[in-house]
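Here is the structure we will look at.
The values are calculated or read from the model by the stated rules, or taken from the named source; none is laboratory data. For clarity, every value in this text was computed on a predicted model and none was experimentally measured. Note that each Cβ is placed from the backbone with ideal geometry, even for glycine, and that neighbours are counted across all protein chains shown. Calculation scope for accessible area: heavy atoms of the full protein, side chains included, ligands and nucleic acids excluded. Shrake-Rupley method; radii C 1.70, N 1.55, O 1.52, S 1.80 Å.
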Amino acid sequence: MINPLAKDLNDTLSGTVVDALMSDMGRRLYFPNGIISQGGEAAKDAHFANGTIGMAVAAGTPIELDSYKKNMPSLTPRETVAYAKTAGNPDLRALWKEKIIAKNPSLKNKQFSLPILVPGLTAVLSYVSDLFVDVDKPLLAADPCWDNYELIAAARRGAEFHQFKCFENGKFNIADLEAKMKADAEKYGSVRVILNFPQNPSGYSPTVSEAKEIVRIVRELAEAGKKVLVLSDDAYFGLNYEDDIEPQSLFAYMADLHENVLAIKADGPTKEDFAWGFRAGFVTFASKGLTDAQYTALVTKFMAAIRSSVSCSSTPSQSLVMHALKDEAHEKQKLECRNMLKRRYDLVRAFVNNHKSDVLEPLPFNSGYFMSFHVKSGKAEEIRKELLKSEGIGIIQIDPYTLRVAFSSIDEDKIDSVYTSIYNVAKNF
Ligand SMILES: Cc1ncc(COP(=O)(O)O)c(C=O)c1O
């Protein structure tokens, strides 16, 4: 099925030489009318506050850790202009693996691959899809979710994009996740699911008991003979603001769950280490019983996907991440930024707990960069436009029933006014 936006572009190009030469994927590609284009509108008109951006911004400028800044002028030529290895700097890959274990202690004695470095988490998702998603191998994700998942699965890979309803009655919807995974398993014999926590756009992470339930679903499918690929998108890992959240990545539990489970972890410094523009992300594989030779073969396949697209990632950003990770001050600086986000979260939490709206209902949130509202009237776009026009406030419409606010990019002293305006404007829609 072709996306209507792709159809518009194809119609415009109809009869041209471009049209005559285009591939199937070329025909399917479109630019989502979503986060990037709404962010562009906000950049022009959000003069009061811009809550569209998935970065941590303070007083209008992205925060920059000193652990990066101080090394910028002192890098050697090998750390800047030299080609990087296809799978990334081996020392950085080894160091990132150590960090993964430190952040997820259950992985301590488990087998898993060395992380491979690619240009950002988006590249992880795209390459994983190149290897595992196609016309009769659908991808399952949450609804709502980050709009790039559908673009990658459906437009790039020509696959069906399936979704489970992420929330029901103010709770994470384990039942629908299970139903949709079972449905895919029945129809295709295998399941490919992407689970993203803290989630974009809701800002939700599962509690310890919900994480156990997710693991149970995967285990039961695997024990019933179904092959299950679980891709954990951990872009916002560690930004947890409540005590009952499962502290480890689901990858830590999937890694040795069953021979029928392929666990894949997408993570990286982009959000977690506040380095959005570095374009560095990691992919790590685990499956019970894979031999070393089989891990090497899988990593080699993945390297082929890198080699045949961007060849390798950028060297300077790898060098900067490497220096920063070895710098004792880095964790402390990260913690200061995390605390800043937590203070913003606390203010948003207090606001939504103390205000009622007939139109807006906050989706569950406890972590990450964002929170979202369910818009009962289905008029999310109208509310977004009015907020931008009359209040100079930019937020994102994910779909007609979902508005996303990036509190990561709203200063503490503006949160009360921004949310007051959102509630006031929503009253009219
Ligand atoms: C859930 C999620 N995954 C992946 C990414 C992509 O990260 P990167 O900038 O490293 O490609 C984003 C970015 O917004 C995201 O929100």
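Which aspartates and glutamates does LYS97 reach when only Cα atoms under 17 Å apart count, and residues fewer than 8 places away in its own chain are ignored?
ASP233, ASP234, ASP256, ASP267, GLU272, ASP273, ASP292, ASP327, GLU331
For GLN248 and GLU98, FRET efficiency with R0 = 22 Å and r from the beta-carbon atoms, rounded to 0.05? Kindly include the intermediate steps, with their values, before the conclusion.
Details: r = 16 Å, r/R0 = 0.71.
Between GLU98 and GLN248 the formula returns 0.90.
Going by accessible area, probe 1.4 Å, with all protein chains left in place, what is the ranking of THR284, THR76, largest first?
Working: THR284 0, THR76 65 Å².
Sorted by accessible area, descending: THR76, THR284.
For the chain, give the percent of accessible area contributed by carbon and sulfur heavy atoms, probe 1.4 Å, rounded to a whole number.
Numbers: 10100 of 18810 Å².
Whole-percent figure for carbon plus sulfur exposure: 54.
How high is the relative contact order of the chain? Use alpha-carbon pairs under 8 Å, at least six apart in sequence, and give a whole percent. It would help to have the intermediate numbers written out before the result.
Values: 808 pairs, mean separation 103.5, N = 429.
Reported relative contact order: 24 percent.
Using only helices, what value at 222 nm comes out for the chain when you add -39,500 (n - 2.57) per DSSP H run of length 4 or more and divide by the total residues, to the nearest 500 deg cm²/dmol?
-12500 deg cm²/dmol
Could you rank ILE35, ILE214 by how accessible they are, 1.4 Å probe, largest area first? Write out the running numbers ahead of the final one.
Values: ILE35 30, ILE214 0 Å².
Result of the area sort, largest leading: ILE35, ILE214.
Before I look further, what does the chain give for accessible area per residue, probe 1.4 Å, in whole square angstrom?
On the way: 18810 Å² over 429 residues.
Ligands and nucleic acids excluded, the figure is 44 Å² per residue.
Would you list GLU220, GLU328 from the most to the least accessible area, probe 1.4 Å?
Working: GLU220 85, GLU328 175 Å².
My answer, sorted largest first, is GLU328, GLU220.
Along Cα→Cβ, 7 Å out, is where each label goes; now give me the distance between the ones at SER14 and ASN33 in nm to one decimal.
1.8
Taking the Cβ of ASP358 as the centre, find all other residues whose Cβ is under 13 Å away and add up their charges (Lys, Arg: +1; Asp, Glu: -1).
Working: positive: LYS356, LYS376, LYS379, LYS427; negative: GLU361.
Residues near ASP358 contribute +3 overall.
How much length would be gained if the chain were fully extended between SER377 and GLU328, taking 0.36 nm per residue of separation minus their Cα-Cα distance, in nm to one decimal? Spell out each step's value before the answer.
Numbers: separation 49, 0.36 × 49 = 17.64 nm, distance 5.00 nm.
Stretched fully, the SER377-GLU328 segment lengthens by 12.6 nm.
List the aspartates and glutamates whose Cα sits under 17 Å from the Cα of LYS414, skipping any in the same chain fewer than 8 residues away.
ASP45, ASP346, GLU391
Tell me, what is the Rg over Rh of the chain, with Rh the Kirkwood radius over Cα pairs?
Numbers: Rg = 21.5 Å, Rh = 22.5 Å.
Reported Rg/Rh (Cα atoms, Kirkwood Rh): 0.96.
Take each of the peptides 140-146, 69-75, 303-309, average the number of other beta-carbon atoms within 10 Å over its residues, and list them starting from the highest.
Sorting 140-146, 69-75, 303-309 by mean packing, highest first, produces 140-146, 303-309, 69-75.
Hey, can you rank 180-190, 230-240, 369-379 by average C-beta count inside 10 Å, highest first? Before the final figure, lay out the partial values.
Details: 180-190: 16.5, 230-240: 24.8, 369-379: 21.5.
Going from most to least packed, we get 230-240, 369-379, 180-190.
Please go through the residue pairs LYS226/LYS271; LYS342/LYS385; LYS180/LYS342; LYS334/LYS356; LYS227/LYS334 and name each one whose alpha carbons sit more than 30 Å apart in this structure. Don't skip to the end; give the middle numbers.
On the way: LYS226/LYS271 33 Å; LYS342/LYS385 28 Å; LYS180/LYS342 33 Å; LYS334/LYS356 34 Å; LYS227/LYS334 38 Å.
Over 30 Å apart, Cα to Cα: LYS226/LYS271; LYS180/LYS342; LYS334/LYS356; LYS227/LYS334.
Report the residues of segment 187-217 in range of a label on SER106: point 7 Å along Cα→C-beta, backbone N strictly under 16 Å from it.
Under 16 Å, as judged by backbone N against the label point of SER106, lie 195-198, 205-217 of segment 187-217.
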